[in-house]
Every structure is written in C-alpha cells, then in structure tokens.
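Some notes on the structure that comes next.
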Amino acid sequence: MASIQCEKKDVELSLEEKASLDELTKQAEHSLNSQELLAGALKNQTTGPLSIIASKIFAGQVVRNFPNPLCNLDGFAMSGTFVKGVVKAAVVYSAKNKAGVECGWLLAFSDTTNSAGGRVYVECGHKGKFSNINWAQVEHKLEKSGAIAKAYDIETGTSLYAGICGPTGKSAVGAGFLV
C-alpha cells in the first residue's frame, strides 16, 4: 500500500500536533489489512490511563476493539457494511486531569467507499458532559465536520485533536488525547 498523504488545512494545529497526527495516521495506515476499511492509532498524552465510558457503532463492524484502557499508544480497526461500505463510530474515554477532576474525551469518525470521504469530530471537558450522550446530535455534528478536528476545554485543560486521511474507503484515523 502506498503511503497516505494527508492535507491538514481545515483546522489550526500546532507544528507538534501536526507532526504527531502525521505519525499516528502513518501507524494506522500500516496496520490496515485487506478486510478493513479503516484503522486508527490513538495516543494517550494524559497523566494516566484512559478508560472507555461509552461507545457507539453507527455503521460497520469492529475488527479490533477500541483499546481499554488506553495507556500510551494503541489502535483499533473496522470493516464497512457489506452493501454501502460505510464505517461510522464514536468512543468516549475518561480519566482525571492534573487537578484530579474527572474528564472526558469524545472521538467520532466516519468513512465511506463513496465520494463523501472521511470525517472526524471531537469534544472534551468535564466527565459529566458525557453522562447522557445524544448520539443523534454527535452523528449530526460528525456529518458537518471535516478531515481534521481539534477541541480544547479551558476549564479542565483537556484537549483532543484528530485527523482522518486516505483514499476513499481505506482510511487511517489518528488522535491525540491531552491534559
């Protein structure tokens, strides 16, 4: 498989975030196998392990589960639905920030074999923000998003950046979770 080149121009990323995202998407790309439509590489840059508190598979099948806990760097993979070749999912991780406050990070992504291409959407903040997730609203925001996303919550000091790239229907997702 030829190396995937990502154009990250929709959202302002720092040079460090862009370099990290490029490396994460390369790692995800190299882990893709023939039955997978999408692979992801997740990097935990917080003070401790992240635990899954919620997830939603809108379309597609899980080939390799989201890592739980996410300690350093780990990955996941999905295959598309048989007829439409669609993958759409979201995962919410939780951990404490440096002040000991419970926080949450939401990563949502989608890809399809048609021309719509890949999309990512992210949110972060207090864990309570994610206690009663409106998945239809997350899906709507995801459909309006682009190929990269970045969120920062000033109150908790949490941030999350993510990108998706690759030819339609064979994508790599990279995401960095920070506090």
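Return the inverse of the average 1/r over all pairs of distinct C-alpha atoms in segment 102-172, which is the Kirkwood hydrodynamic radius, in Å to one decimal.
The answer is 12.8 Å.
Compute the long axis of helix 15-31 from its Cα atoms, compare it with the longest principal axis of the Cα atoms of the chain, and write down the angle in degrees, 0 to 90, nearest 10.
Value to nearest ten degrees: 50.
If you take the Cα atoms of the chain, find Rg, then find the Kirkwood Rh from the mean of 1/r over all pairs, what is Rg/Rh?
0.94
Which far-off residues, 5 or more places away or on another chain, put their amide H under 5 Å from the one on LEU73, with H placed in the peptide plane?
Here ASN44 satisfy the definition.
Rank HIS140, HIS126 by accessible area, highest first, at a 1.4 Å probe radius?
Accessible-area ranking of HIS140, HIS126, largest first: HIS140, HIS126.
Restricting to DSSP H runs of at least four residues, report the calculated mean residue ellipticity at 222 nm for the chain, -39500 (n - 2.57) per run over all residues, nearest 500 deg cm²/dmol.
-4500 deg cm²/dmol
Give the shape of segment 19-74 as rounded, prolate or oblate, defined through the alpha-carbon gyration tensor: a ≥ b ≥ c are the square roots of its eigenvalues, a/c under 1.5 means rounded, and otherwise the shape is prolate if a/b is larger than b/c and oblate if not.
oblate
Where does each of CYS124, CYS71 land when they are ordered by accessible area, with a 1.4 Å probe and the largest first?
Ranked from most to least accessible, the order is CYS71, CYS124.
Could you tell me what a quarter of the Cα convex hull surface of segment 43-95 works out to, in nm² with one decimal place?
Averaged projected area of segment 43-95's Cα convex hull equals 3.5 nm².
How far apart, in nm, are the 7 Å Cα→Cβ label points at LYS56 and ASN72?
The answer from the label model is 3.4 nm.
With contacts defined as alpha carbon pairs under 8 Å and 6 or more residues apart, what's the relative contact order of segment 85-179 in percent?
28
Taking the Cα centre of the chain as origin, work out the dipole magnitude from +1 charges on Lys and Arg Cβ and -1 charges on Asp and Glu Cβ, in debye rounded to 20.
280
Compare the Cα positions of LEU50, VAL91, SER159 along the charge dipole of the chain (+1 at Cβ of Lys, Arg; -1 at Cβ of Asp, Glu; about the Cα centre) and return the one farthest towards the positive end.
Checked the options; the winner is VAL91.
State, as an integer percentage, the relative contact order of the chain based on alpha-carbon contacts under 8 Å between residues 6 or more apart.
26
Given springs between every Cα pair under 10 Å in a Gaussian network model of the chain, which of GLY75, GLY118, GLY157 has the largest fluctuation?
Checking each option, the largest mean-square fluctuation is seen for GLY157.
The values are calculated or read from the model by the stated rules, or taken from the named source; none is laboratory data. For clarity, every value in this text was computed on a predicted model and none was experimentally measured. Cβ sites come from the backbone with ideal geometry, for glycine too, and all protein chains shown count toward neighbours. Surface accessibility is based on the protein's heavy atoms, side chains included, excluding ligands, DNA and RNA. Shrake-Rupley method; radii C 1.70, N 1.55, O 1.52, S 1.80 Å.
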